[in-house]
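Single-structure report; data block below.
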Amino acid sequence: MQNANSKCGLSEKSEGHYVDDIATNAYVWYDTNWKHDDYKHQHHRSQLTFVEEGYQYFHMDEKVYLVPQNHVIWIPSAKEHRITSESKTVNLMILLFKSVPEKDFYQNVHVFSAPAVLKEMILYASKWDKELMDNEEKTSFLNALLTSLPSFCNENNSLQIPVPADSRLIPVCNEINKNYQYPFDIEELAKLAQMSVRSLQRIFKQNTNITIQKYLQLIRILKSIELLDTNQYTLTQIAFMVGYKSLSAFSTSYFSVIKEKPRAKK
């Protein structure tokens with residue numbers, strides 16, 4: 001594991017700010033049992049993170065991005081972010097690039113499932129783990145992977161959890177986050193926000209681009225992913241624990257968000 005004054009080979013000169021004295025344009029950093037900082041950080045390299053085991057939350061731009069196992073997230077250079085997870089084990093493969101093509105794709109955050117070909121390419125790249133010197137094969141391979149990323153991206157916007165800018169909505173989100181197992185009472189939520197039901201529904205949608213019901217669904221699915229990761233419960237148990245009345249209802253909801261069926265770990 002890296003020392004306390006570095007992150008992915010970059011030297012941390014002050015909290016959250018890194019100096020890049022690495023000469024190579026692109027390199028790979030793989031870590032098991034990833035440790036998280038409690039503060040935001042940024043660096044002047046674009047970053048592709050592949051979650052091999054566990055799951056990660058990335059906090060940036062007033063949003064929380066969920067990156068489940070076998071998913072990737074692309075983060076542009078100098079984008080301030082913070083990562084958290086309650087997963088027992090988090091294994092990450094990170095590819096860092098000093099320069100990237102001048103296309104819109106590379107200037108924005110993207111989260112998507114890694115298709116088989118991309119996953120194999122990322123795992124193959126692990127042969128250069130922590131190799132910070134130039135290597136002809138490494139340079140050619142990582143450049144090919146980088147330029148092919150847009151064609152692999154089938155983005156799942158449902159993995160983005162909005163954080164409302166309107167402070168009146170924070171108690172509403174907190175209530176849902178705390179009591180997601182139960183159906184919400186829209187009138188009680190309106191009282192928390194100190195506004196009418198109609199105003200709450202309208203302002204919530206304006207602030208988050210999703211309805212309150214959709215927000216509840218996303219929180220339930222996030223919690224189910226955390227429970228799946230513990231490997232302690234059956235799918236039926238998890239369905240009831242996160243507020244669904246049947247396994248089929250949970251499976252349908254899970255698939256609509258994650259785009260794959262829920263599976264208990266073996």
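The values are calculated or read from the model by the stated rules, or taken from the named source; none is laboratory data. Since this is a predicted model, take the numbers as computed values, not measurements. Positions of Cβ are backbone-derived with ideal geometry, glycine not excepted, and every protein chain shown enters the neighbour counts. Note: areas computed on protein heavy atoms with side chains; ligands, DNA, RNA excluded. Shrake-Rupley method; radii C 1.70, N 1.55, O 1.52, S 1.80 Å.
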query = How far is helix 212-230 tilted, in degrees, relative to the longest principal axis of the Cα atoms in the chain, given as a value from 0 to 90 rounded to the nearest 10?
reply = 60
Rounded tilt (10° steps) of 136-152 against the dominant C-alpha axis of the chain = 30
ask   = Any idea what the relative contact order of the chain is, in percent, if you count C-alpha pairs under 8 Å spaced at least 6 apart?
value = 16
request  = Please give the per residue accessible area of the chain, computed with a probe of 1.4 Å over protein heavy atoms only, in Å².
outcome  = 51
query = Where a ≥ b ≥ c are the square roots of the eigenvalues of the C-alpha gyration tensor, would you call segment 152-230 rounded, which needs a/c under 1.5, or, failing that, prolate if a/b is larger than b/c, or oblate?
reply = oblate
query = Most mobile of Gln107, Gln56, Gln194 per a Gaussian network model of the chain (Cα springs, under 10 Å)?
reply = Gln194
remark   = Here segment 173-181 yields Karplus 3J(HN,Hα) values (6.51, -1.76, 1.60; θ = phi - 60°; whole Hz; Gly and Pro given as x) of 5, 4, 5, 5, 4, 7, 10, 5, 5
task = In whole Hz, with x marking every Gly and Pro, tabulate ³J(HN,Hα) for segment 233-244 from phi via Karplus 6.51 cos²θ - 1.76 cosθ + 1.60, θ = phi - 60°.
result = 10, 7, 4, 5, 4, 5, 4, 6, 5, 9, x, 9
message = Quick query: amide H of Lys40 versus all other amide H atoms, modeled in the peptide plane; which residues come in under 5 Å with a sequence gap of 5 or more or a different chain?
response = none
ask   = Placing +1 at every Lys and Arg Cβ and -1 at every Asp and Glu Cβ, with all other atoms neutral, what dipole size does segment 17-170 have around its Cα centre, in debye to the nearest 20?
value = 220
message = For Cα extents along the principal axes in Å, pick the label among (i) 59, 56, 30; (ii) 65, 40, 40; (iii) 62, 40, 35 that corresponds to the value derived from the coordinates.
response = (iii)
message = Give me, ordered by chain and number, the residues 5 or more places off Tyr27 or on other chains with an amide H under 5 Å from its own placed amide H.
response = Leu96
ask   = In degrees, nearest 10, range 0 to 90: what is the angle between the Cα axis of helix 197-208 and the longest Cα principal axis of the chain?
value = 0
query = Around Ile161, which amide H atoms from residues at least 5 apart in sequence, or from another chain, sit under 5 Å from its own amide H, with H modelled in the peptide plane?
reply = Val64, Tyr65, Leu66
ask   = What list of ³J(HN,Hα) couplings, whole Hz, do you get for segment 84-97 from phi and the Karplus terms 6.51, -1.76, 1.60, once you set θ to phi - 60° and write x for glycine and proline?
value = 9, 5, 9, 5, 4, 9, 10, 10, 10, 10, 10, 10, 10, 10
request  = Order these peptides, 84-97, 251-264, by their mean beta-carbon neighbour count within 10 angstrom, highest first.
outcome  = 84-97, 251-264
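Hey, got the dipole for the chain? About the Cα centre, +1 on K and R Cβ, -1 on D and E Cβ, debye to the nearest 20? Don't jump to the answer; show the numbers that get you there.
Numbers: 30 positive and 30 negative charges, 194 e Å.
Computed about the Cα centre, the dipole is about 940 debye.
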request  = Specify the inter-centroid distance of segment 75-113 and segment 146-190, based on alpha-carbon positions, in whole Å.
outcome  = 20
Carbon and sulfur %, accessible surface of the chain computed with the full protein complex present, 1.4 Å = 48
